[in-house]
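What follows is a short report on a single structure.
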Amino acid sequence: MGERKGTNKYYPPDFDPAKHGSLNRYRNSHPLRERARKLSQGILIIRFEMPYNIWCDGCKNHIGMGVRYNAEKTKVGNYYTTPIYRFKMKCHLCVNYIEMQTDPASCDYVIVSGAQRKEERWDMSENEQILTTEHEQKQKLETDSMYRLEHGAADKEKLKKAIPTLFELQEAQGAWKDDFALNSLLRTKFREEKKQILEEEQKDQAFLKKASLDLKLLPETEEDKKLASLLKYRSLESYDKRQQKKRSEISSRSWFSQGSDVKIQTTNNSLKNLKIRPKLPSSPVASALSLGVVRRESKEGNDKEKIVSPAECEQETTEEIDRKRRESNELIANETAALQTVRNTDASPPETPPKDRPSKQPATPSCLVPDYSDSSSESES
């Protein structure tokens, strides 16, 4: 013990670390001192503990397991790559020497000479203990499938035979059960489960708050995880197909807005309910006659143009304007009559505008007749 402490070592004045290296080399001694006195012969003295009970051959006394001796340790051979050591010791009650060596094949110690082993070994199968599988049997189980099957059937038969004994043991344990211990076990189990449930609820609440959802999340299962890993969210149509579909919808869409059509339909329906016809515009519409359009007449394949005079255009436009004005006046009269009946107002007949009222004649439009007399086509013809 003292050699482990550097403060207890004395270094003499003639000690040279470069020359001697250590105090043991300076003193020409081994670190194990007396235990290494036979090291040149391959013998090392160690403290050996008796592995089991024996009878000494010299004094016939009993030596118990665990008694320690100063034994000479020697290497005598190998078992494959494992060395075999032999131990020689002197009995503490006589002058007899006892020799023992290791047996790596059976993981045991064997007495070579000087003592006899006290037989305290028993058959584990007779005492209903668990038998260790031998090395040969292990190899046979790994290589022979039929032997493995027979071995499994034998194990099942052993289990059937051991069931009554197991029931008896359970009943014996039930008679000596402790209610306080069972209660404490249950309480600890419930605490752990409650703590786990609270942690899961906190995770679920954080996830729902992050996603702004108001749902009840169910616990995860292995089947759900497998299905989720197999699912892939992707659109059935490609990008080109979606673009083509969008273009076809745009091309088939109506040019007129839907809001204007609905507005026209609602106004027409309300007028029908009131039995009122829509009011026509009173402004004169420009006709082809008012513009003095050139008419063509074909005779025997020869096209001829007929030019309308401005007097004829003016006469036709005035007659058409008077006719449209009379029709608009009649429509206005009918509309006012229908409104008066609906509103339950006075039943007096509507005032019709006098027919003999002089109407303001619109300004006679100038009839523009194109003149192609000087054109190059007529000159050519």
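Observations, loosely collected:
- Vicinal HN-Hα couplings computed from phi for region 202-209 (Karplus, 6.51 cos²θ - 1.76 cosθ + 1.60; Hz; Gly/Pro x): 4, 5, 5, 5, 5, 5, 5, 5
- Taking amide H positions as modeled 1.01 Å from N, with prolines and chain starts lacking one, the residues under 5 Å from V112 and 5 or more places away or on another chain are E99, M100, Q101.
- In this structure, the pairs whose alpha-carbon distance is over 29 Å, taken from K88/K118; K9/K90; K194/K226; K195/K216; K195/K225, are K9/K90.
- Once backbone amide H atoms are built at 1.01 Å from N, L44 has K73 as its partners under 5 Å, excluding neighbours fewer than 5 places away on the same chain.
- Using the Stokes-Einstein relation with a Kirkwood hydrodynamic radius computed over Cα pairs, the translational diffusion coefficient of region 63-103 at 10 °C and a viscosity of 1.306 mPa s comes to 139 µm²/s.
- Rounded if a/c under 1.5, otherwise prolate or oblate - region 81-138, Cα gyration tensor axes: oblate
- For V67, distant residues with modelled amide H under 5 Å away: M50
- Here the 3J(HN,Hα) profile of region 136-144, calculated from phi with Karplus coefficients 6.51, -1.76 and 1.60 at θ = phi - 60°, is 5, 5, 4, 4, 5, 5, 6, 9, 9 Hz, Gly and Pro shown as x.
- The heavy atoms of T318 offer some 50 square angstrom of accessible surface to a 1.4 angstrom probe.
- At most 13 other Cβ within 10 Å, DSSP loop - trypsin sites (Lys or Arg not before Pro), region 207-257: K216, K232, R234, R253
- Sparse packing (at most 14 other Cβ atoms within 10 Å of the Cβ) combined with a DSSP loop state is found for the following trypsin sites (Lys or Arg not before Pro) in region 85-163: K118, R121.
- The phi torsions of region 108-125, fed into the Karplus equation with coefficients 6.51, -1.76 and 1.60 and a -60° offset, translate into couplings of 8, 10, 10, 7, 8, 6, x, 6, 10, 7, 7, 6, 10, 7, 9, 7, 5, 5 Hz, rounded to whole numbers, with Gly and Pro shown as x.
- Treating each Cα of region 37-163 as an identical point scatterer and summing with the Debye formula, the log10 of I(q)/I(0) at q = 0.21, 0.22 Å⁻¹ comes to -1.22, -1.29.
- The accessible surface of region 75-155, taken with every protein chain in place and a 1.4 Å probe, is 50 percent carbon and sulfur.
- Solvent-accessible area per residue in region 1-117 equals 70 Å², computed with a 1.4 angstrom probe and all protein chains kept.
- Rg over Rh, two decimals, region 98-166 (C-alpha only, Kirkwood Rh): 1.14
- Sequence of T341, T221 from largest to smallest accessible area, 1.4 Å probe: T341, T221
- Those trypsin sites (Lys or Arg not before Pro) in region 31-85 that DSSP places in a loop and that have at most 11 other beta carbons within 10 Å: K60
- Dmax and Rg, reported as Rg then Dmax, of region 111-216 (C-alpha, Å): 27.4, 88
- E119 - accessible surface, heavy atoms, 1.4 Å probe, Å² rounded to 10: 120
The values are calculated or read from the model by the stated rules, or taken from the named source; none is laboratory data. Not measured: the values here are computed from a predicted model. So basically every Cβ, Gly included, is an ideal-geometry build from the backbone, and we count neighbours across all protein chains shown. Remember, those area values only see protein heavy atoms, side chains included, never the ligands or the DNA or RNA. Shrake-Rupley method; radii C 1.70, N 1.55, O 1.52, S 1.80 Å.
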